[in-house]
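The block underneath contains the structure these notes are about, expressed in structure tokens.
Readers should treat all values here as calculations from the given coordinates under stated rules, not as data from a laboratory. None of these values were measured; they are calculated from a predicted model. Cβ placement follows ideal geometry from the backbone for every residue including glycine, while neighbour counts extend to all protein chains displayed.
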Number of protein chains: 2
Amino acid sequence: MPEPTTPLFDTLVIIGPGLIGSSILRRAREDRRIARHLVACDISPEVRARVAELDIADAVEADPVAAVRGADCVIICVPVGAIAMVAAQVLPVMKPGAILSEVGSVKKTVMDAVQPLLAAHPDIAFVPAHPMAGTEFSGPDAGFATLFEDRWCLLTPPENTPPAAITRITTLWEMMGARVRCMTVEHHDRVCAIVSHLPHLLAFTICGTADDLADETRSEVLDFAASGFRDFTRIAASDPTMWRDIFLNNREALLELLDRFIADAQAMGEAIRTGNEDVIVGRIRRGRAIRRSLIENRQA
Amino acid sequence: MPEPTTPLFDTLVIIGPGLIGSSILRRAREDRRIARHLVACDISPEVRARVAELDIADAVEADPVAAVRGADCVIICVPVGAIAMVAAQVLPVMKPGAILSEVGSVKKTVMDAVQPLLAAHPDIAFVPAHPMAGTEFSGPDAGFATLFEDRWCLLTPPENTPPAAITRITTLWEMMGARVRCMTVEHHDRVCAIVSHLPHLLAFTICGTADDLADETRSEVLDFAASGFRDFTRIAASDPTMWRDIFLNNREALLELLDRFIADAQAMGEAIRTGNEDVIVGRIRRGRAIRRSLIENRQA
């Protein structure tokens, strides 16, 4: 831990101040032990104007190359599909000894694309992070300083990462209010496929299934959604580009789990068709048991 | 509407004072314009003792036949699979001109089983109701007086039902705080299959899929459930007997929708496998559009 009077970072750059990026800025703005100087960088003039209005950064930049010069920590907060491109832009100009991080929801494909670039910049530490927090809203207005409070942040640093860099990113996320755990990119992607990516895929799908119904029924789905369907649509309201990238980048783990899920759903359908009460009740009981474990784990 | 000084019913009997039944009692206890005398009836000695302790009825009975004698309204609040049996018990002893109601989540199979019994009791009006409200908890302690506030209550009376009886049950639910709509049993079951029964089936299933994962991943599912998975498990926590009966009684509509859903999920999987971005983004957009409609409809 740094001394109370010395900030963790001198200059912290957030590239892409959307829901996650602007929440980091807001928290760092409130707690000046995190960084002395906060820079926000975005290609969109509207986002830059809004970040300036919100006054959540000390400087706002359009060009990542200009933004990261001299920074000791750069966090890329753009959709998963654009992370490697931004990394390729900023790595050549980053200060020796600086830390590069990103906050994507998928890690393996990002690591596969960034690792070859890192070979040419052995003096930059790469510490990917996945703060498991979010809402169905996006953009700089959607962020808030307590978004990461009591949430998990998963780190997936490559094997050769200097421990000091991992410690600093761990400290950063702890100062954001999060609990931190390290794991491999493969394990990360598998866990996230079941806890987040598959549920989102199913939520998007059931909205489409409902939308395909005859007009009369569809309008009533909207009227009577309170029971169950509503919970699905909350998670179906998320950003399309972000989720397209997540699905495509975590293709393998997600499709394997989707196949398992469809087989399980078909087995449940078969039990209902044949009136197999034991199978039906057994599956309902498992759902309740998992729910109970979640409550004991403070996750519900 | 009755005069303010005359209650809507003289004696209202609730058979099965669980989450729904005890909530009706609590509301009627607070608003004495609903019924002069409130009777709770349950086969379980524990439930009867608890209802007496909670003091939410004027009388507590073990035997439905004794409970309903002289009542002008009887509402059966037991799981769907037991409704017709209770109706068969109470119809022969109900007072001429009285109203029989029930609060099951599936209507067609209940109507098919009760309608032949009604033929022998033309002086009893049958007005099935489905208050679309609930929590994942059950039993007399789970109820509360405001459960139906601003929720829909769907009525599915047979064609020959006296309009006065429909009006009284409509008034009852409006006094519970609900909005009321009438529809056929077939239409009811189809709408509920998509807004409630299919989402519950999927939620139970994904909990099972997660439970089948390798031990290490499974324990992390519990740790990291906050993103998406948690919303599924909330609805997966409901009562097994109740849901078994719902699935088996709404088999036809539910299985048809499950087939459509699985086809849609497979199409989404195929789009991810082949990298068809237009299909993926199109489906995500539909989810967001439905969510937006729900918010405009005050259902989210």
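Note on A:Met85 and B:Glu149: with the Förster distance fixed at 45 Å, the Cβ-Cβ geometry gives a FRET efficiency of about 0.30. Each residue of segment B:138-155 is assigned a 3J(HN,Hα), and the resulting list reads 9, x, x, 6, 7, x, 7, 5, 9, 3, 9, 4, 6, 9, 7, 10, 9, 9 Hz, derived from the Karplus form 6.51 cos²θ - 1.76 cosθ + 1.60 (θ = phi - 60°), x at Gly and Pro.
In this rough spin-label picture, where each label sits 7 Å from Cα along the Cβ direction, the B:Ala120-A:Asp123 distance is 9.4 nm. Karplus-based coupling profile of segment A:255-266, in residue order and whole Hz: 5, 5, 5, 4, 4, 4, 4, 4, 4, 5, 5, 5, with θ = phi - 60° in 6.51 cos²θ - 1.76 cosθ + 1.60 and x standing for Gly or Pro. Each of B:His37 and A:Glu252 was given a label point 7 Å from its Cα along the Cα-to-Cβ line. The distance between the two points is 7.3 nm. Annotation for segment A:78-134 versus segment A:151-167: alpha-carbon center distance of 12 Å.
Fewest Cβ neighbours within 10 Å first, please rank B:Phe232, B:Phe137 accordingly.
On the way: B:Phe232 30, B:Phe137 13.
Starting with the residue having the fewest Cβ neighbours, the order is B:Phe137, B:Phe232.
Rounded, prolate or oblate for segment A:9-183? Axes are the square roots of the Cα gyration tensor eigenvalues, ordered a ≥ b ≥ c, and the cut-off for rounded is a/c under 1.5. Rounded.
Principal-axis analysis of the Cα atoms of chain B puts helix B:45-54 at an angle of about 80° to the longest axis.
Legend: mean number of C-beta atoms from other chains within 10 angstrom of residue C-beta atoms, peptide A:95-106, equals 0.
If you take the beta carbon distance between A:Glu30 and A:Ser219 as r and set R0 to 56 Å, what does 1/(1 + (r/R0)^6) give as a FRET efficiency, to the nearest 0.05? Walk me through the numbers before you get to the answer.
Working: r = 45 Å, r/R0 = 0.81.
In this case the efficiency is close to 0.80.
Note down the nm distance, to one decimal, between modelled labels 7 Å out along Cα→Cβ at A:Ala263 and at A:Arg179. My value for the distance between the label points is 3.2 nm. With its label point put 7 Å out from Cα toward Cβ, B:Thr5 sits 8.3 nm from the same residue's point in the other copies, in order from shortest.
Of all beta bridges DSSP finds with both residues in chain A, what is the antiparallel percent, to the nearest 5? Each step should come with its number before you reach the end.
On the way: 3 of 26 bridges.
Beta bridges within chain A, antiparallel portion: roughly 10 percent.
From the alpha carbon centroid of segment A:211-258 to that of segment B:198-213 is 16 Å.
Taking amide H positions as modeled 1.01 Å from N, with prolines and chain starts lacking one, the residues under 5 Å from B:Cys153 and 5 or more places away or on another chain are B:Met132, B:Arg179, B:Val180, B:Arg181.
Taking 19 Å as the straight-line reach from the Cα of A:Lys95, the aspartates and glutamates in range (excluding those fewer than 8 positions away in the same chain) are A:Asp10, A:Glu61, A:Asp63, A:Asp72, A:Asp123. Within the protein assembly as shown, antiparallel bridges make up roughly 10 percent of the DSSP beta bridges whose residues both belong there.
What separates the B:Met85 label point from its copies, with the point 7 Å along Cα to Cβ, is 6.4 nm, written shortest first. Peptide A:234-243 has a mean of 6 when you count, residue by residue, the C-beta atoms of other protein chains within 10 Å of its C-beta. Per the Kirkwood treatment, what hydrodynamic radius in Å, one decimal, follows for chain A from the mean inverse distance over all distinct Cα pairs? Result for chain A, one decimal place: 20.9 Å.
Would you please classify the overall shape of segment A:124-203 from the alpha carbon gyration tensor, given that a ≥ b ≥ c denote the square roots of the eigenvalues, rounded means a/c under 1.5, and beyond that prolate means a/b larger than b/c while oblate covers the rest? Because a/c hits 1.5 or more and a/b fails to exceed b/c, segment A:124-203 counts as oblate.
Return the FRET efficiency for the residue pair A:Asp212, A:Glu136: r is the Cβ-Cβ distance, R0 is 22 Å, and the value is rounded to the nearest 0.05.
Numbers: r = 22 Å, r/R0 = 1.01.
After rounding to 0.05, the efficiency reads 0.50.
What stretch of chain B, leaving out the sites themselves, is the longest with no GluC sites (Glu not before Pro) in a DSSP loop having at most 14 other Cβ atoms within 10 Å?
Details: sites that count: B:Glu149, B:Glu159.
Free of exposed loop sites, the longest segment is B:1-148.
Nearest to the axis that brings chain A onto chain B is this chain A residue, judged by its Cβ, with the distance in whole Å: A:Asp231, 2.
Here's how it looks for A:Cys73: its modeled amide H is under 5 Å from those of A:Thr11, A:Val13, A:Ile99, which are all 5 or more places away or on a different chain.
Paramagnetic label reach from A:Asn160 (point 7 Å along Cα→Cβ; backbone nitrogen cut-off under 13 Å): within segment A:84-116, residues A:115-116. 3J(HN,Hα) couplings calculated from phi for segment A:270-281 with the Karplus curve 6.51 cos²θ - 1.76 cosθ + 1.60 (θ = phi - 60°) are, in sequence order, 5, 5, 5, 4, 8, x, 7, 4, 4, 5, 4, 5 Hz; Gly and Pro show x.
Summed over all non-identical Cα pairs, the Kirkwood treatment of the protein assembly as shown gives a radius of 26.4 Å. Inside 10 Å of the C-beta atoms of B:147-157, what's the mean count of C-beta atoms belonging to other chains? Going residue by residue through B:147-157 and averaging, the value is 1.
In whole angstrom, how long is each semi-axis of the equivalent ellipsoid of segment A:187-296, when you take the square root of 5 times every eigenvalue of its Cα gyration tensor and sort them from largest down?
Semi-axes, largest first: 23, 22, 15 Å.
The aspartates and glutamates within cross-link reach of B:Lys108, meaning a Cα-to-Cα straight distance under 17 Å and a gap of 8 or more places when in the same chain, are B:Glu159, B:Glu186, B:Asp189, B:Asp245, B:Glu252, B:Glu256. With its label point defined 7 Å out from Cα along the Cα-to-Cβ axis, A:Glu46 lies at 5.7 nm from the matching points of the other copies, in increasing order.
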